[in-house]
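Okay, so here's the structure we're looking at.
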Amino acid sequence: MNRLVIYGAGGFGKETAFLLKAINQTKPLFEFAGFIDDFATHDFPKATGDYQHVAIAIAAPHIRRQIYERNHGKYIFPALIHPDVTLDETVQLGVGAIICSGVKITVDIQIGKCPIFNVHATIGHDSRIGDFVSIMPAASISGKVTLGNHVFIGSNAVVLPGLTVGDNSIVGAGAVVTKDVPANHMAIGVPARFVPLPNSHE
């Protein structure tokens, strides 16, 4: 089996280790080689020995990008997909995806590098998902939506059909997005209103 380490030993890191178990129950593919986390405040199984595969289980898009860029070319970033996920063959999926239980990704969808799709998120037809996007539990992305790079969609948020969420933007938990979200903004409320974010990540 392929030895794999998980960057991030927090809650989502533990959920990703749980995801590995579910994958291996269907077809043994990965040996969990431990976590890498320089900032954890609790004990965790630290990465040991040689490994070839890496999963970045950190929800913050820009931190995920930084880790990917440091390790790109050194390791393999496999897609980790729970066995019960709905994923049509027309979906174009970038490297390093983490797709949790209950996620539904329908048809003719393009997805960039290292996305996170947390439990029961849904992605509608003909959507375009940028690099390092994080979509939290039960979020609903309607058809023909475009999410830019480094977008974070909070739990139970809804983005209505045909809209665009610009680069580096955040859609807050439970928000309902009814018009395009500019880059570097937070969308909050029902219907969502926009608040500028400081552009401090570049």
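The values are calculated or read from the model by the stated rules, or taken from the named source; none is laboratory data. Being a predicted model, the structure only gives us computed values, none of them experimental. Here the Cβ is made from the backbone with ideal geometry for all residues, glycine too, and neighbour counts use every protein chain on show.
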Subset of region 55-93, residues part of a strand (DSSP E or B) and either surrounded by 19 or more Cβ atoms within 10 Å (Cβ to Cβ) or aromatic (F, W, Y) (or both), comes to A55, I56, Y75, L80, I81, L87
From G112, G102, which residue is surrounded by fewer than 22 Cβ atoms within 10 Å (Cβ to Cβ), more than 19 Å from I6 (Cβ to Cβ) and touching a Phe, Trp or Tyr at 6+ places or on another chain (Cβ under 8 Å)? G112
What are the pairs with Cβ atoms under 6 angstrom where one residue, in region 91-115, is touching a residue at least 60 places away in the same chain (Cβ under 8 Å) and the other, located anywhere, is of a type in the set (D, E)? Sequence gap at least six, or different chains. S101/D84
If you take the residues of region 143-202 that are closer than 22 Å to I58 by Cβ and among the charged types (D, E, K, R), which of them is modelled with the highest pLDDT? D167
Breaking point among (1) without any contact (Cβ under 8 Å) to a residue 40 or more places away in the chain; (2) in a helix (DSSP H, G or I); (3) surrounded by 13 or more Cβ atoms within 10 Å (Cβ to Cβ), for E15: (1)
Can K27 be described as closer than 22 Å to V119 by Cβ, surrounded by 14 or more Cβ atoms within 10 Å (Cβ to Cβ) and free of Cβ contacts under 8 Å to residues at least 12 places away in the same chain? no
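Is it true that F12 is hydrophobic (A, V, I, L, M, F, W, C) and closer than 23 Å to N149 by Cα?
Working: hydrophobic (A, V, I, L, M, F, W, C): yes; closer than 23 Å to N149 by Cα: yes.
Spelling it out, F12 is indeed hydrophobic (A, V, I, L, M, F, W, C) and closer than 23 Å to N149 by Cα.
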Name the pairs whose Cβ atoms lie under 7 Å apart, with the first residue in region 178-202 and farther than 13 Å from V165 by Cα and among the small types (G, A, S), the second at pLDDT 95 or above and in a loop (DSSP other than H, G, I, E, B), and 6 or more positions between them or separate chains? G189/A175
Please enumerate the residues belonging to region 1-45 that are closer than 13 Å to L80 by Cα and hydroxyl-bearing (S, T, Y). T16, T26
Taking into account only those residues within region 108-158 that are on the phi < 0 side of the Ramachandran plot and basic (K, R), which is farthest from the chain's Cα centre (by Cα)? R128
